[in-house]
Amino acid sequence: MKDLINKKILFIICGGVAAYKSLETIRLFKKNNAEIKTILTKSAKEFVTPLSVTSLSQGKVYDDLFNVENEMEMDHIALSRWADVIIIAPATANTISKLSQGSSEDLASTVVLASNKQVFLVPAMNVRMWEHKSTKDNIQKLSTYGYKLIGPTIGNMACGEFGEGKMSDPSEIFDEISNYLSNQVKNKRIKALVTAGPTNEYIDPVRFITNKSSGKQGYEIAKSLLKRGFDTTLISGPTNLHIDESINLIKVETAEEMFKETQKNLPTDIAIFSAAVADFKIDQKSQNKIKKQENFTINLEKNIDILNFVSNHNSMRPRLVIGFAAETENLDENATSKLSKKNCDWIIANDVSKKDSGFNSDYNEVTIFYKNSQNKKETLSLKKKSEISEEIVDRIVAQIN
Ligand code: PMT
């Protein structure tokens, strides 16, 4: 028995024959002390009744986006914030299609669209519907949004056919979600620090040297860490990005400021350095705006290497130090050399000479180089930075727990 006391689950039941399995799943969660609220889609009510759901869940059942009483008590945004996790089971082809379009035409889709929590999809449908290209595309799209899949499994279907599309068993759904929730509890005690974005190195009060980093990769990593429950701090150079207020966001401009804030946030358990910190700063910054002139020379001096400082700290080295390597040539060689020179546990290398990935793109392709694993490396192929981040954080969770 797992103790899920104080864990809040929002269960969305869609209209499919497998809806009866959701009742058993709710019973399992309730037996383990979870708090449950349920949304029934219009067609779900053709398969299960609000009365049976509320009796089993001992929680409120919602079904209407425009219900004055419900909106007064807990509006649809509050409902999506209330949950620690959202389970959509059975997730029908129709709901999967609606979610992939970002639809908000009923309460279920609106709540999911407004949510910043982990969403688990438990698909259940006929094998041909599951194998249809449009369903595959929709699932692929939803996984880029960070939704996680449980199942479906292979077997005999209610319609008499055989194949993949059966809803996973309640015990399997229960095990996966309760593991996720217990990891979240464990992770709350684990501090993670992420650096992101560029730094600005001032020549005079109005001019500076910078680089093309948008901060997207680092922000996505911070978001993925937060979703898994980590106590996350994000130290960010100048960007136009927004992030969930549960993240401790520290905005800086220069490498020196980033270094000071990093020092202040030690000790930490995990440190991920995705920022494109300027290697150099201006030797003598002018206090006033420099006047136009024929020739002008600036001298640069080396900035402190923040990653190097943290990874070699004699008393506060994090348990896991992850550096990035932005390369335009000899990726493997340079990354391996940074792994050892900068004393990292992992280096995540990306080729920043490509147009469709790396700096200021929504996409990335990275290779992770691991220390202590006999030159082990792993490539995460070109995909959205949100997906790359989820995959990186999957590996962090596996390593740290
Ligand atoms: O921000 P985006 O537009 O999403 O782009 C993402 C990215 C390309 C910036 C990111 O994926 C990335 O590669 N970040 C590291 C960029 C970089 O500065 O790489 P580097 O090889 O020069 O530095 C190696 C490591 O040392 C990095 O972890 C860097 O954060 C760290 N470093 C470097 C210099 C310095 N003074 N202090 C540091 O901590």
Review point. So which residues in the stretch 203-215 are over 33 Å from the mean Cα position of the chain (by Cα) and either part of a strand (DSSP E or B) or of a type in the set (S, T, N, Q) (or both)?
Key: Ile203, Asp204, Arg207
Point to revise | Hits in the stretch 360-386 - residues which are open to solvent by 20 Å² or more (accessible area, probe 1.4 Å), aromatic (Phe, Trp, Tyr) and either more than 11 Å from the ligand (Cβ to nearest atom) or not in a strand (DSSP E or B) (or both) | key: Tyr370
Review point. Of the numbered conditions (1) away from the ligand (no atom under 16 Å from the Cβ); (2) within 18 Å of the chain's Cα centre (by Cα); (3) open to solvent by less than 60 Å² (accessible area, probe 1.4 Å); (4) within 30 Å of Thr239 (Cβ to Cβ), Ile177 satisfies every one except a single condition; which is it?
Key: (4)
Revision key, fill the gap. Residue hits (the stretch 119-148; of a type in the set (A, V, I, L, M) and either in contact with a Cys (Cβ under 8 Å, 6 or more places away or on another chain) or open to solvent by 40 Å² or more (accessible area, probe 1.4 Å) (or both)) are Met129
Review point. Of all residues in the stretch 14-30 being free of Cβ contacts under 8 Å to residues at least 40 places away in the same chain and in contact with a Phe, Trp or Tyr (Cβ under 9 Å, 6 or more places away or on another chain), which is surrounded by the most Cβ atoms within 10 Å (Cβ to Cβ)?
Key: Ile26
Point to revise | Qualifying positions in the stretch 1-27 - modelled with pLDDT under 95, acidic (Asp, Glu) and in the same structural domain as Ile96 (by TED's automatic domain parsing) | key: none
Check your understanding: Across the stretch 253-293, which residue is surrounded by the fewest Cβ atoms within 10 Å (Cβ to Cβ) among those that are among the small types (Gly, Ala, Ser) and in a loop (DSSP other than H, G, I, E, B)?
Key -> Ser286
Point to revise | Failed criterion for Ser357 (all others in (1) within 11 Å of the ligand (Cβ to nearest atom); (2) part of a loop (DSSP other than H, G, I, E, B); (3) open to solvent by 40 Å² or more (accessible area, probe 1.4 Å); (4) in contact with a strand residue (DSSP E or B) (Cβ under 7 Å, 6 or more places away or on another chain) hold) | key: (3)
Review point. Looking at Arg27, Arg81, which one is within 28 Å of Met125 (Cα to Cα) and in a helix (DSSP H, G or I)?
Key: Arg27
Point to revise | Scan of the stretch 387-401 for residues that are in contact (Cβ under 8 Å) with a residue 12 or more places away in the chain and either within 11 Å of the ligand (Cβ to nearest atom) or of a type outside the set (Lys, Arg) (or both), ordered by number | key: Glu387, Ile388, Ser389, Glu390, Ile392, Val393, Ile396, Val397, Gln399, Ile400, Asn401
Practice item. Name the residue, out of Gly151, Gly165, Gly229, Gly218, that is part of a strand (DSSP E or B) and either in contact with a Ser or Thr (Cβ under 6 Å, 6 or more places away or on another chain) or open to solvent by less than 50 Å² (accessible area, probe 1.4 Å) (or both). Key: Gly165
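The values are calculated or read from the model by the stated rules, or taken from the named source; none is laboratory data. Because the structure is predicted, anything quoted here is derived from the model rather than measured. Don't worry about glycine lacking a Cβ; one is built from the backbone with ideal geometry, like all the others, and counts go over all protein chains shown. These accessible areas exclude ligands, DNA and RNA; they are computed on the full protein's heavy atoms, side chains included. Shrake-Rupley method; radii C 1.70, N 1.55, O 1.52, S 1.80 Å.
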